[in-house]
Amino acid sequence: MLFRMKIPLVDLKAQYDSIKNEIHVAIFHTLETSQFILGEGVEGFEKDFAQYCEARFAVGTSSGTSALHLALLAMSVGAGDEVITVSQTFIATAEAISLTGARPVFIDIDEKTYCMDPSKIEKAITKKTKVILPVHLYGHPADMDPILAIAKKHRLLVLEDACQAHGALYKAKRVGGLGHAACFSFYPGKNLGAYGEGGAVVTSDAEIATKIKKLRNHGGLKKYEHEILGMNARLEGIQGAILRAKLPFLDRWNELRRQNAERYQGLLKELNMVLPREASYAKSVFHVYVIRVQERDRLNAYLNENGISSVIHYPVPNHLLKFYRELGYREGSLPVTEKVSKEVLSLPLYPELTEEQMQYVADTIHSFQMTHR
Ligand SMILES: *Cc1c(COP(=O)(O)O)cnc(C)c1O
């Protein structure tokens, strides 16, 4: 007999309870110094986060979406250009491309990692292609070496969407330092989350870093010096200070996520589903724990009814969104993406998740599969 438990997709309160002191010190210091926009908190975090990502620069932005938008602008992407990316990702990846005026060119994914399939890139390259934009989806790094090799051969830039993969490793190197630039989101539920909106572009290219610093601040590094057309996409001082206080905990939290993923593996392996698979080159940070099942929508509803906040990432792949119809994609354009998107289901996974909670998730899936065959 099942008993009802309530399991959220992420538990931000549990994390806050474990680091209250550090967070309060960070917030109060910002209040005492009145550095609310950029300032000491943001600069300190930028230095620490660049070092963490094994890159030279990090530039804080108002969100992950603005980080992507600004990074593409800094790479001179605009109307008439094409950016090769994946459809199996959060809308922000494609949105940022479209916001520059460029056209997103969607290619298919690898069925094991759910990340960009490098063998599909060259067929998608045209004279208009400027950037390849792989996504480290669900915390798992894309296969960067072949992507970087193709980019080099065709003189293209590579922008990593690392919004779900803070701290993930590709062949022992951190994501974020692999391409020409990388974008991170600090949306509260991400592996490293602010207490509000936030993002960053990480790069070792001084020119890109400086251009993003201008773009985020009305086109200039100093007040009222508008050298180029920019916007307001700055990271707030309080968020920078919070992120700086949280960063030292990130590796520990990611390790707990990996331990919990391993526990799930043991609990779920006898059930009827495809479990997450980690490529030999990768150390994933399990932003979410994504299984693939038949009867996905019914299982999702059943879990929700039983207090488990499972979620579909994402219900409609970007190439089939109504407002992208003009791009000319149809059902059948990206077979692996379309197959996967009908089957994926994200189970709650966060550092503080207990063995008892995971057992309940496994039991609930088991009872669904026993009664719905
Ligand atoms: C969260 C996310 C973004 C956007 O980040 P925001 O901070 O919410 O704007 C972009 N790409 C991916 C893959 C994401 O998961």
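Remark on region 10-85: Rg and Dmax equal 16.8, 50 Å (Cα only).
Once backbone amide H atoms are built at 1.01 Å from N, Y187 has G64, A194, G198 as its partners under 5 Å, excluding neighbours fewer than 5 places away on the same chain.
Counting only DSSP beta bridges whose two residues both lie in the chain, roughly 60 percent are antiparallel. Each of G44, M144, G80 was scored by the projection of its Cα onto the charge dipole of the chain, and the greatest displacement toward the positive side belongs to G80; charges sit on the C-beta of Lys, Arg, Asp and Glu. Shown here are the Rg and Dmax of the Cα trace of region 137-178, at 10.4, 29 Å. Protection proxy ranking for 178-185, 327-334, 244-251, using the average of other Cβ atoms within 10 Å per residue and placing the highest first: 178-185, 244-251, 327-334. Under the rule of at least 5 residues apart or a separate chain, name every residue whose amide H is placed under 5 Å from the amide H of T61. HN-HN under 5 Å from T61: G199, A200, V201, L235.
Does the chain classify as rounded, prolate or oblate by the C-alpha gyration tensor (a ≥ b ≥ c root eigenvalues; a/c under 1.5 gives rounded; else a/b over b/c gives prolate, otherwise oblate)? Cα axes put the chain in the oblate bin. Taking the empirical scaling 2.2 N^0.38 Å for compact globular proteins as reference, region 174-267 has a Cα radius of gyration ratio of 1.36.
Extending 7 Å from the Cα toward the beta-carbon at both S367 and K153 defines two label points whose distance is 5.4 nm. For the chain, adding -39500 (n - 2.57) for each run of n ≥ 4 DSSP H residues and dividing by the number of residues yields -11500 deg cm²/dmol at 222 nm. Taking Lys and Arg as +1 and Asp and Glu as -1, the other residues whose beta-carbon sits under 10 Å from that of A67 total 0. Under a model in which nothing but the beta-carbon of Lys, Arg (+1) and Asp, Glu (-1) is charged, region 1-138 shows a dipole of about 440 debye around its Cα centre. Peptides 164-175, 45-56 ranked from most to least packed, by the mean per-residue count of other Cβ atoms within 10 Å: 164-175, 45-56. Using a simple spin-label model with pseudo-atoms 7 Å out from Cα toward Cβ, Q51 and L31 lie 2.9 nm apart. P(r) tail for region 91-229: Cα pairs beyond 17 Å make up 64% of the total. Subtracting the Cα-Cα distance of S280 and L9 from 0.36 nm times their residue separation leaves 94.8 nm of extension gain. Each label point was placed 7 Å from the Cα along the Cα-to-Cβ direction; for K173 and A79 their separation is 3.7 nm. Once the Cα-Cα distance is subtracted from the 0.36 nm per residue extended length, the L99 to S204 segment shows a gain of 35.4 nm. Placing a label point 7 Å from the Cα of F323 along the Cα-to-Cβ line, the residues of region 74-102 whose backbone N sits under 19 Å from it are 78-80, 83, 85-102. Between the amide H of N217 and those of M231, A233, distances stay under 5 Å, these residues lying 5 or more places away or on another chain, with hydrogens modeled in the peptide plane. Can you tell me how region 105-184 classifies by the Cα gyration tensor, rounded, prolate or oblate, using a/c under 1.5 as the rounded cut? Verdict is prolate for region 105-184. Note on region 267-373: percent of Cα-Cα distances in each 10 Å bin, starting at 0 and stopping at the bin with the largest distance, equals 13, 41, 31, 14, 2. Based on alpha-carbon centroids, what's the gap between region 278-324 and region 171-188 in Å, whole number please? If you average the Cα positions of each part, the centres end up 22 Å apart. Give the share of C-alpha pairs in each 10 angstrom bin for region 149-201, from 0 to the last occupied bin, in whole percents, shortest bins first. Reading the bins upward from 0: 25, 44, 24, 6, 0. Net charge dipole, region 289-329: roughly 100 debye, given to the nearest 20, about the Cα centre with Cβ charges of +1 for Lys and Arg and -1 for Asp and Glu. Residue order for K13, K213, K120, fewest other beta carbons within 10 angstrom first, comes to K13, K120, K213. Stokes-Einstein diffusion of region 1-142 at 20 °C, 1.002 mPa s viscosity, Kirkwood radius from Cα pairs, rounded to a whole number: 117 µm²/s. Close lysine pairs were tallied over region 76-209: pairs 8 or more places apart or on different chains with Cα atoms under 20 Å apart number 16.
FYI, it's all coordinate maths here, none of it is from the lab. Everything numeric here is computed off the predicted structure, so don't read it as measured data. Cβ atoms come from the backbone with ideal geometry, glycine included; neighbour counts cover every protein chain shown.
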